[in-house]
Every structure is written in structure tokens, then in C-alpha cells.
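Heads up, the thing below is written out as C-alpha cells.
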Amino acid sequence: RQAKKPMRKGRLPMSEQKFIEIEVLRYLPESDEAPHSEVYKVPFTNDMSVLQGIQYIKDNFDGTLTFRWSCRMAICGSCGMMINGIPKLSCETFIRDYYQEGQTNRITVEALSHFPIDKDLVVDFSGFIDKLESVHPYIIPKEPRTLEEGEYIQTPAQVQEYMQFTSCINCTLCYAACPQYGLNPDFIGPGAIALLHRYNMDSRDGGSKQRMELLASEEGVYVCSAVAYCSEVCPKHVDPGNAVNLNKIEAAKDYFLRFLSPKGGAQ
Ligand code: FES
């Protein structure tokens, strides 16, 4: 007598298998005049992320589907995309949250808003990288310090001043959420300003004067219309909207201090 074949681990019988439609915005620059949508019916289990659903499409339906990912644990910041119109990290967004028994369920997945599309879900980040560089995202020492003088000492309170802003993973979801960045791509934008604030608030840093010019410029903080959607979509709770608002105050203070004293303004 033949033994019943055991089911492959992790496989459900077809009658219990759940499916979801994933509608992906496709754009192949070699052949497409404009982006268009394609729909794929994807089987899923409750532990599958949207990123895994997209990987399933690539493995089983169309190997040319192009997207970015690396860590699959919400750390590297590379898997951001618009999921049902909201900027999200696809590796920490679960398909099960878009599924309701007995309904036709569909997730739409598109490249991040406000960035030029290179191919499918991959966007061109070069403008963002330029903005990051422009804020001098490193400690500019107040005065030269020799090795013999030892390390900089910071109190817990001093660390707390900037700690929240160190959590940024440069995923750019805040840029995809920012209506002003959509209108004016020259705006430095929430992510880079949060990073700028991180260094300005560091007691070891003396570079805020250098950064102030940029903050107060036409591409600086005053472009922001305080919608704060950037903070809502931030997966690391950095609150870039708060960084922008705090720097509006700093830029205004700097402006008036320059009038009062030639030596006034940021140090
Ligand atoms: Fe790294 Fe999603 S793959 S954040």
C-alpha cells in the first residue's frame, strides 16, 4: 500500500489558499512611453509582507519586475513605495492587512511619489542625495581637538537633544508625502532638514552657522506649509515636521540677531 504523501511544509491545500490581487505600476523605459498598471493574482500566507508579494511576482510571473530592497527588516530604508497611495516600507507592510474574506481584494503598488521613475518601482534618488550632502551631515568641530585631549564628553541630557533625529534611515517616505516637495523639487525637504537638525543640536558640533544659510534660503524651511504628513508616514518616528518647524524659529531668530549685532546669528 502506498503511503499518503506529506504536504510540503508551509503549503496550504488549494481550497484554503488565500489570494490577493497586486496591481503594480510598471514602467520599462526602453519600451514604454508612460507608466501603466499590471495586475497579478498572488497566493499569500498571513506572515507575508507586500515586499514578499512583489518578490513572488518576480519569481513566478515576470522576472523583469524591478524594485529595491536589502534588509527586509525596516532598517536599510530601500524598499519604500506607495501602497494604496500611502508611502510605506514594503517589508514591514503585511498583505493580510489589505485582505477581507469574501471580497475581491487588491493592493496597488507604485513607485514613490515626487521622484522620477527609473524603472518600475525604482526611483532616481540623486536629487535627494545632493540635498543630504548640502546639509553637511557630519560633526564640524567647534575647535580643533588633539587625541591627547581625549573623547568629547556628553551628558545624557545633551544626547537626548538630538537622539530622536539619529533614527532616520533615509527611506524618503517623508519626501513622497510632502506636498511642497511635490511642487518644488528644490526644497531641501523634511529628511535632510531632520538630519541637519540632528547635527545642529549636537553639543560637539560647531557648524550651525554654515547650515543656517541653507535653512534660511529660498529652498529652506520657509517652503514648508506645515502639513506634517511627513511625520505621519515616518516609519522611525523621527518627526521631521518638528525639525522643520523648530528650524523656522531658529532661522527667524538668526535673522533678527544679525540686525542687532554684526556678530549675531548662529555660531
Ligand atoms: Fe530594508 Fe525594507 S528592505 S527597509
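At a glance:
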{"quantity": "Qualifying residue in region 207-220 (condition: assigned to a loop (DSSP other than H, G, I, E, B) and in contact (Cβ under 8 Å) with a residue 40 or more places away in the chain)", "calculated": "yes"}
{"quantity": "The one condition in (1) open to solvent by less than 50 Å² (accessible area, probe 1.4 Å); (2) under 22 Å from H237 (Cβ atoms) that H114 fails to fulfil", "calculated": "(1)"}
{"quantity": "Conditions (1) assigned to a loop (DSSP other than H, G, I, E, B); (2) open to solvent by less than 60 Å² (accessible area, probe 1.4 Å); (3) hydrophobic (A, V, I, L, M, F, W, C); number of the one not met by V227", "calculated": "(2)"}
{"quantity": "Output for region 66-86, where each listed residue is more than 10 Å from the ligand (Cβ to nearest atom), under 13 Å from the mean Cα position of the chain (by Cα) and open to solvent by 40 Å² or more (accessible area, probe 1.4 Å)", "calculated": "I86"}
{"quantity": "Residue list for region 87-104, restricted to those being hydroxyl-bearing (S, T, Y) and either in contact with a His (Cβ under 9 Å, 6 or more places away or on another chain) or within 13 Å of the ligand (Cβ to nearest atom) (or both)", "calculated": "S90, T93"}
{"quantity": "Residue selected from region 46-65 under the condition surrounded by 16 or more Cβ atoms within 10 Å (Cβ to Cβ) and among the hydroxyl-bearing types (S, T, Y), by the criterion nearest to the chain's Cα centre (by Cα)", "calculated": "S49"}
{"quantity": "Single residue of V244, V221, V233, V238 found to be of a type in the set (V, I, T) and farther than 17 Å from K131 by Cβ", "calculated": "V233"}
{"quantity": "Residue within region 238-245 that is within 18 Å of the chain's Cα centre (by Cα), within 19 Å of H114 (Cβ to Cβ) and within 16 Å of the ligand (Cβ to nearest atom) present", "calculated": "yes"}
{"quantity": "Pair list, Cβ < 9 Å and 6+ apart or interchain, from region 74-95 residues that are on the phi > 0 side of the Ramachandran plot to residues that are near the ligand (Cβ under 6 Å from one of its atoms) and in a loop (DSSP other than H, G, I, E, B)", "calculated": "G77/S70; G77/C71"}
{"quantity": "Qualifying residue in region 169-176 (condition: more than 15 Å from F128 (Cα to Cα) and open to solvent by less than 70 Å² (accessible area, probe 1.4 Å))", "calculated": "no"}
{"quantity": "Region 144-173, residues that are out of contact with any strand residue (DSSP E or B) (no Cβ under 8 Å at 6 or more places or on another chain) and hydrophobic (A, V, I, L, M, F, W, C)", "calculated": "L147, I153, A157, V159, M163, F165, C168, I169"}
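The values are calculated or read from the model by the stated rules, or taken from the named source; none is laboratory data. This is a predicted model, so every value here is computed, not measured. In this analysis, Cβ positions are derived from the backbone assuming ideal geometry, glycine residues included, and neighbour counts consider all displayed protein chains. Just the protein is used for accessible areas: all its heavy atoms, side chains included, with ligands, DNA and RNA removed. Shrake-Rupley method; radii C 1.70, N 1.55, O 1.52, S 1.80 Å.
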